[in-house]
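Quick notes on the structure that follows.
The values are calculated or read from the model by the stated rules, or taken from the named source; none is laboratory data. Every value quoted in this text rests on a predicted model; they were computed, and no experiment measured them. With ideal geometry, Cβ positions are generated from the backbone for all residues, glycine too; neighbour counts draw on all protein chains shown.
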Amino acid sequence: MIKAGKLDRQITITRETETVAASGAVSKAWALVATVRAELVQRSADEYLTGFGETDAGGAVFRIRYLAGITTADRVTCGGETYDIDEIAELGRKRGLELRCSEVVA
């Protein structure tokens with residue numbers, strides 16, 4: 001069980017949605033799924049070599065109370081930073097979720 005005192009961050013979970021206008025134009029936006037309390041377990045900044053040179057890729061692991069319907073297509077926003085969810089691990093029997101995320105580079 002996750003203790004309430006450890007849930008010291010507030011995160012928002014968003015999901016990409018598509019809207020079709022009357023003209024047929026498709027617009028995409030991020031819609032709010034939930035705003036929950038979370039524990040920031042780990043935060044890292046890994047340097048790795050890409051085709052364009054060296055870059056920094058930030059990552060984070062968040063623990064939240066169990067919330068059904070969260071997928072790896074969703075995003076997490078915490079403290080003004082946005083992260084893609086790479087992996088979701090269930091803690092216990094629907095006690096909590098561990099969200100392994102990588103920072104979105106704009």
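A few points about this structure:
- Top-ranked residue of region 54-85 - restricted to ones that are free of Cβ contacts under 8 Å to residues at least 24 places away in the same chain and charged (D, E, K, R), ranked as surrounded by the most Cβ atoms within 10 Å (Cβ to Cβ): Asp84
- Residue identified as acidic (Asp, Glu) and modelled with pLDDT of 90 or more among Glu54, Glu90: Glu90
- Any chance Ala38 is more than 16 Å from the chain's Cα centre (by Cα) and at pLDDT 90 or above: no
- Filter result (in a loop (DSSP other than H, G, I, E, B) and surrounded by 11 or more Cβ atoms within 10 Å (Cβ to Cβ)) within region 86-106: Lys94, Arg95, Val104
- Only residues that are assigned to a strand (DSSP E or B) and of a type outside the set (Lys, Arg) were counted across region 66-85, and they come to 8.
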